[in-house]
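J.: Take this structure first; my questions come after.
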Amino acid sequence: MGLLPGRPTKRDRADLLTAALGALALRGGERVRLIGGAGRSHAGRAGLTALVETMTTVTKSRALPAPDHGLPRHARAVLIGDFMAPLPEIHAAVAALAAWPVRGHILQVLDPEEETLGQGNRAYAGRVLFEWGGAGGQAILVPRVEEARPVYLERLRHHREGIAAIAAAAGWGFMTHHVDQPPQTALLALWQALAPQ
């Protein structure tokens, strides 16, 4: 969920970037498909409508992509999400794609409040109940956020370094995007990263 009113959620931003990157690729004459989608590639102007329709079913899943043997060998992949899954799961997903072989990039989408555990925000002081995953999701009550913050920040730093190491080992790129930044910043960086070397 978006942590501040008016700020997009991580899911909304990831969906927007996926659709926008797909639109750019389709306009450039590329074939595009979603990993875990209906098993077909989309092309041309009509491809964007089909791609967005596929997104509505694929992005409901919170799971990392399973091996997709419908991908063309030597394709380029972009994984967009918050990547808060355990590092072994992220490693397995990226390693399976890299072994196909697929080159790619990981774009981690974070809310800046999440990255600092609300440091400097008075709403994140004392006892705070954190909830995620919508209705039926998970929750944790932190008795003193000020005391938990250093541990949380260290674990998040370690997790991001782990993702970067997984990407590097596969020969993939790794970038971070915050939802309070303009989406075109991340889109341009991804588009440049995908450009032929």
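J.: At q = 0.17, 0.25 Å⁻¹, what is the log10 ratio I(q)/I(0) for the stretch 91-152, with the Debye formula run over Cα points and no solvent?
T.: Evaluating at q = 0.17, 0.25 Å⁻¹ gives log10 I(q)/I(0) of -0.74, -1.04.
J.: If you take the Cα atoms of the stretch 127-171, find Rg, then find the Kirkwood Rh from the mean of 1/r over all pairs, what is Rg/Rh?
T.: 1.16
J.: To the nearest 10 degrees, how steep is helix 46-58 against the longest Cα principal axis of the chain, on a 0 to 90 scale?
T.: 40 degrees
J.: Sum -39500 (n - 2.57) across every DSSP H segment of at least 4 residues in the chain, then divide by the residue count to get the 222 nm mean residue ellipticity, nearest 500.
T.: One gets -14000 deg cm²/dmol as the mean residue ellipticity at 222 nm.
J.: List the residues whose amide H sits under 5 Å from the amide H of His177, counting only those 5 or more places along or on another chain, with H placed 1.01 Å from N in the peptide plane.
T.: Gln108, Val109, Leu110
J.: At 7 Å along the Cα-to-beta-carbon direction for both Phe130 and Ala43, put a label point, then send me their distance in nm to one decimal.
T.: Here the answer is 4.6 nm between the modelled labels.
J.: A follow-up question, please. Taking every DSSP beta bridge that has both residues in the chain, what percent is antiparallel when rounded to the nearest 5?
T.: Bridges in the chain are about 35 percent antiparallel.
J.: Still on this structure, please answer the following. What accessible area per residue comes out for the stretch 133-196, rounded to a whole number of Å², with a 1.4 Å probe?
T.: Accessible area per residue, the stretch 133-196: 60 Å².
J.: Could you give the angle, 0 to 90 degrees to the nearest 10, between helix 145-169's Cα long axis and the longest principal axis of the Cα atoms of the chain?
T.: With rounding to tens, the tilt is 20 degrees.
J.: Quick one: Karplus J couplings for the stretch 180-187, per residue in order, coefficients 6.51, -1.76, 1.60, θ = phi - 60°, nearest Hz, x for Gly and Pro?
T.: Rounded to whole hertz, the list is 8, 8, x, x, 5, 4, 5, 4.
J.: If I compute solvent accessible area with a 1.4 Å probe over the protein chains, what percent of it on the chain is carbon and sulfur? Present the calculation step by step, with values, prior to reporting the outcome.
T.: Working: 6520 of 11440 Å².
The computed percentage sits at 57.
J.: If each of Arg144 and Glu53 carries a label point 7 Å out from its Cα toward its Cβ, how far apart are those two points in nm?
T.: 5.7 nm
J.: With the dipole of the chain worked out from charges on the C-beta (+1 for Lys and Arg, -1 for Asp and Glu) around the Cα centre, which of Gly126, Met84, Trp172 lies farthest toward the positive end?
T.: Of the listed residues, the answer is Trp172.
J.: Helix 87-99 versus the longest principal axis of the chain: what is the Cα-based angle in degrees, 0 to 90, to the nearest 10?
T.: 10 degrees
J.: Okay, next question. With each pseudo-label sitting 7 Å past Cα toward Cβ, what's the Glu161-Thr9 distance in nm, one decimal?
T.: Label-label distance for Glu161 and Thr9, simple model: 3.3 nm.
The values are calculated or read from the model by the stated rules, or taken from the named source; none is laboratory data. Since this is a predicted model, take the numbers as computed values, not measurements. Counting neighbours? That spans all protein chains shown, and the Cβs are built from the backbone with ideal geometry, glycine included. Remember, those area values only see protein heavy atoms, side chains included, never the ligands or the DNA or RNA. Shrake-Rupley method; radii C 1.70, N 1.55, O 1.52, S 1.80 Å.
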